[in-house]
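Input: a single structure, listed below in structure tokens.
The values are calculated or read from the model by the stated rules, or taken from the named source; none is laboratory data. Just so we're clear, the structure is a prediction, and the values are computed from it rather than from any experiment. Glycine also receives a Cβ, built like all others from the backbone with ideal geometry; neighbour counts cover every protein chain displayed. Side chains included, ligands, DNA and RNA excluded: accessible areas come from the protein's heavy atoms. Shrake-Rupley method; radii C 1.70, N 1.55, O 1.52, S 1.80 Å.
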Amino acid sequence: QVQLVESGGGLVQAGGSLRLSCTASGRTFSSLTMAWFRQAPGKEREFVATIAWTEYSAYYADSVKGRFTISRDNAKNTVALQMNSLRPEETAVYYCAARRGGRLSSRGDEYDYWGQGTQVTVSS
């Protein structure tokens with residue numbers, strides 16, 4: 001079993017930056033593929049970014065490419081999402097997710113573990 005706890009959400013003005021962090025416990029972190037998803041009010045959950053256990057392979061949603069960066073520290077069991085140039089439409093609850101196995105995936109139903117989420121609000 002894996003427990004995921006997100007932190008770092010908050011209120012930021014459009015164009016600003018936030019850094020989200022997710023700490024994992026329970027299972028060998030380095031064996032997990034990690035990801036971030038988000039869900040805005042009234043909308044479906046949306047893939048944001050994923051990173052392989054090797055740290056050298058990552059994949060982003062087109063909407064965040066060039067603005068968001070996912071990273072991980074296997075020694076600290078953490079994964080981070082640096083978000084720059086934030087837009088009001090990116091207001092959402094951001095979730096950390098983990099899946100067993102090394103293949104990157106943008107499908108939420110392929111992730112085995114989820115955090116409780118952290119609220120990000122971008123004001124215009």
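Any idea which residue in the stretch 79-101 is most open to solvent (accessible area, probe 1.4 Å), counting only those that are modelled with pLDDT under 95 and farther than 18 Å from Tyr60 by Cβ?
So, considering only residues that are modelled with pLDDT under 95 and farther than 18 Å from Tyr60 by Cβ, the one most open to solvent (accessible area, probe 1.4 Å) is Arg100.
Collect the residues in the stretch 102-112 that are open to solvent by 20 Å² or more (accessible area, probe 1.4 Å) and in contact with a strand residue (DSSP E or B) (Cβ under 8 Å, 6 or more places away or on another chain), keeping them in residue-number order. Spell out the reasoning first.
First, pick out the residues of the stretch 102-112 that are open to solvent by 20 Å² or more (accessible area, probe 1.4 Å): 102-104, 106-107, 109-110, 112.
Answer for the stretch 102-112, where residues must be open to solvent by 20 Å² or more (accessible area, probe 1.4 Å) and in contact with a strand residue (DSSP E or B) (Cβ under 8 Å, 6 or more places away or on another chain): Gly102, Arg103, Leu104, Ser106, Arg107, Glu110, Asp112.
Among the residues of the stretch 48-64 satisfying the criterion of being of a type in the set (Ser, Thr, Tyr) and closer than 24 Å to Gln13 by Cβ, which is surrounded by the fewest Cβ atoms within 10 Å (Cβ to Cβ)? Full working, then the answer.
Looking only at the stretch 48-64, we keep the residues that are of a type in the set (Ser, Thr, Tyr), and these are 50, 54, 56-57, 59-60, 63.
Next, from what is left, pick out any that are closer than 24 Å to Gln13 by Cβ: 60, 63.
Details: Tyr60: 19, Ser63: 13.
The extreme case among them is Ser63.
I'd like the full set of residues that are in contact with a helix residue (DSSP H, G or I) (Cβ under 9 Å, 6 or more places away or on another chain) and of a type outside the set (Ser, Thr, Tyr), limited to the stretch 49-66.
Trp53, Val64
Answer with yes or no whether Arg67 is of a type in the set (Lys, Arg) and more than 17 Å from Ala14 (Cα to Cα). It would help to see each step written out before you state the result.
Working: of a type in the set (Lys, Arg): yes; more than 17 Å from Ala14 (Cα to Cα): no.
Criteria not met by Arg67.
Kindly check whether there is at least one residue in the stretch 32-47 that is open to solvent by 50 Å² or more (accessible area, probe 1.4 Å), under 13 Å from the mean Cα position of the chain (by Cα), of a type in the set (D, E, K, R) and under 18 Å from Glu110 (Cβ atoms).
The first filter runs over the stretch 32-47 and keeps only residues open to solvent by 50 Å² or more (accessible area, probe 1.4 Å), leaving 39, 41-46.
The next check asks that each one be under 13 Å from the mean Cα position of the chain (by Cα); those that pass are 39, 45-46.
If we keep only those that are of a type in the set (D, E, K, R) too, we end up with 45-46.
Add one more test, that the residue is under 18 Å from Glu110 (Cβ atoms), and what stays is 45-46.
Yes, the stretch 32-47 contains at least one residue that is open to solvent by 50 Å² or more (accessible area, probe 1.4 Å), under 13 Å from the mean Cα position of the chain (by Cα), of a type in the set (D, E, K, R) and under 18 Å from Glu110 (Cβ atoms).
To keep it simple, each residue is scored yes or no on (1) out of contact with any Gly (no Cβ under 8 Å at 6 or more places or on another chain); (2) within 19 Å of Val120 (Cα to Cα).
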{"residue": "Gln3", "(1), (2)": "no, no"}
{"residue": "Leu11", "(1), (2)": "yes, yes"}
{"residue": "Phe37", "(1), (2)": "no, yes"}
{"residue": "Ala40", "(1), (2)": "yes, yes"}
{"residue": "Thr50", "(1), (2)": "yes, yes"}
{"residue": "Val64", "(1), (2)": "yes, yes"}
{"residue": "Arg67", "(1), (2)": "yes, yes"}
{"residue": "Ser71", "(1), (2)": "yes, yes"}
{"residue": "Asn77", "(1), (2)": "yes, no"}
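Residue check, Phe68 against (1) within 12 Å of the chain's Cα centre (by Cα); (2) under 15 Å from Phe29 (Cα atoms); (3) open to solvent by less than 50 Å² (accessible area, probe 1.4 Å), all met but one. Which one?
Looking at each condition in turn, Phe68 falls short on (2).
Checking Gln3 against (1) open to solvent by less than 70 Å² (accessible area, probe 1.4 Å); (2) in contact with a strand residue (DSSP E or B) (Cβ under 7 Å, 6 or more places away or on another chain); (3) among the polar types (S, T, N, Q): exactly one of these is not met. Which one?
Answer for Gln3: the failing condition is (1).
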